[in-house]
Amino acid sequence: MEVLVDYDNLESAEPSLARAGLFTLFSQLVAVVGPRRNTVPERCRIRLYGGWYEKENITRKAERLIADIDRTFPMLMVWVKPTKENPDEKNKCLTQVEMAYSLEAHPGRHLFRTIRARSIDTRIECDTDYFDACQEKWCPMREVAEFLEKQKCPMDDCTVSQTDVLWKREQKLIDTMITSDLIFLASKGWPCIDLV
């Protein structure tokens with residue numbers, strides 16, 4: 001069985017589960033996927049997709065996941081698959097986890113630059129009604145609000161703009177990698193592919 005996991009999206013949707021570690025995360029996955037299967041697979045390979053590289057440098061998140069994978073996997077995971085004859089039947093599945101650094105069709109070609117920093121060029125608004133409740137006359141949040149409203153530093157001589165100092169990280173290539181791998185695995189006749 002193949003399980004393709006968009007880890008960045010999963011992490012943002014279920015941050016507490018992601019913080020608990022890969023064993024807890026995949027135990028939950030097995031609890032959800034297991035009962036849908038007619039048979040329990042003997043082997044399960046889980047590929048984690050995400051922004052693992054900023055330029056050619058591996059990210060801290062990727063380093064933490066690699067350490068967690070090395071510490072925990074491969075392992076036998078228990079799948080509860082009750083039947084009428086045996087309501088407590090359990091099966092074991094050898095589970096391996098790997099980072100998706102390349103496409104299934106080209107496993108030797110490492111893909112870098114899967115995360116990028118992008119300036120926040122949209123307007124960010126503040127609810128300034130809260131400042132009336134602040135006890136500090138010179139609350140620094142007022143300047144932050146003014147900075148965001150004007151999209152530049154409130155000081156007359158300063159040329160710093162919002163796009164100079166505010167940015168966010170976002171993944172790229174990941175959806176394309178997952179789609180490519182789904183097509184490739186299906187074309188090779190893999191009978192069981194799950195996407196998380």
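Since every read-out is calculated from the coordinates, none of them should be taken as a lab result. All values derive from a computational prediction rather than experimental measurement.
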Next item on the list: Could you tally up the Lys pairs in the chain with alpha carbons closer than 18 Å? Skip any pair fewer than 8 positions apart unless they're on separate chains.
Entry: 7
Notebook entry, point to check: What share of the DSSP beta bridges in the chain is antiparallel, in percent to the nearest 5?
Noted result: 50
Notebook entry, point to check: Roughly what angle does helix 60-72 make with the longest principal axis of the chain, taking Cα atoms, 0 to 90 degrees, to the nearest 10?
Noted result: 20
Next item on the list: Return the ratio Rg/(2.2 N^0.38 Å) for the stretch 136-196, where Rg is computed over Cα atoms only.
Entry: 2.24
Notebook entry, point to check: Could you state the principal axis extents of the C-alpha atoms in the chain, from the largest down, to the nearest angstrom?
Noted result: 75, 42, 28
